[in-house]
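The values are calculated or read from the model by the stated rules, or taken from the named source; none is laboratory data. If you're wondering where the values come from, they're calculated on a predicted model, not measured in any experiment. Glycine gets a Cβ as well: all are built from the backbone with ideal geometry, and neighbour counts include every protein chain shown.
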Amino acid sequence: MTASKRNYLIYGDGSCLGNPGPGGWGVVVRDPDGAVREYNGSEAPTTNNRMELTAAIKGLRATEPGSNVVLRSDSQYVVNTMNLGWKRKANQDLWQQLDAESQIRDVKFEWVRGHDVDSINHRADELAVMGAKRRLIADQPRAQPLPRGQSAWDQIVENNVERLKPLLKPGERIIECSGCGEFFVSQGDDEGFCPHVRCQRKVRRP
């Protein structure tokens, strides 16, 4: 009997202080057992597109060949090129690497709106900006143990929700989507599904 594939969820993001300029990439990986790993790195000089590609490559390399991977990115450059076949006019070296990593895994690329309400995307962005500033998490002190019953993934979400609360406008509130489980900002009292198409399809079925 063939062993079932391991399932991973990856968020990758790139950042550049100037374009070109000092750049960084950030990756958050959720393992099949729920454990969360974070990575970031820096490069200079570079471009934002190269850092977005690098984040995707590094994220895939954090999983074993043959696994199922959902890779989320706010880069249409990356996602639409892989899903829709956008023409590759530059960065051929990195496209070749991304193709190679994708071919030995079952990878689904998903686009998420940048600087929106996806807490894990926010964390990947933070890691990328840290990388651009040469603040690498590999050089940071070891994190303190989490409270009993709380995962690293939960902690990232909780931290970002708390940061957003003081920025809410009158009538806005933070809700957990009944479709995908992500948190989003809502202005409607009865709104239970986030604006993502996959969740709106669930609530708008005739």
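Checked against (1) more than 13 Å from the chain's Cα centre (by Cα); (2) farther than 19 Å from Arg135 by Cβ; (3) not basic (Lys, Arg), Val78 meets all criteria but (1). Residues in the stretch 187-200 that are under 22 Å from the mean Cα position of the chain (by Cα) and either closer than 13 Å to Glu172 by Cα or modelled with pLDDT of 70 or more (or both): 5 in all. Here Ala100 passes the criteria (1) of a type in the set (A, V, I, L, M); (2) surrounded by 15 or more Cβ atoms within 10 Å (Cβ to Cβ); (3) free of Cβ contacts under 8 Å to residues at least 24 places away in the same chain except the one numbered (2).
Looking only at the stretch 88-105, residues that are touching a Lys or Arg at 6+ places or on another chain (Cβ under 7 Å) and on the phi < 0 side of the Ramachandran plot come to 3 in all.
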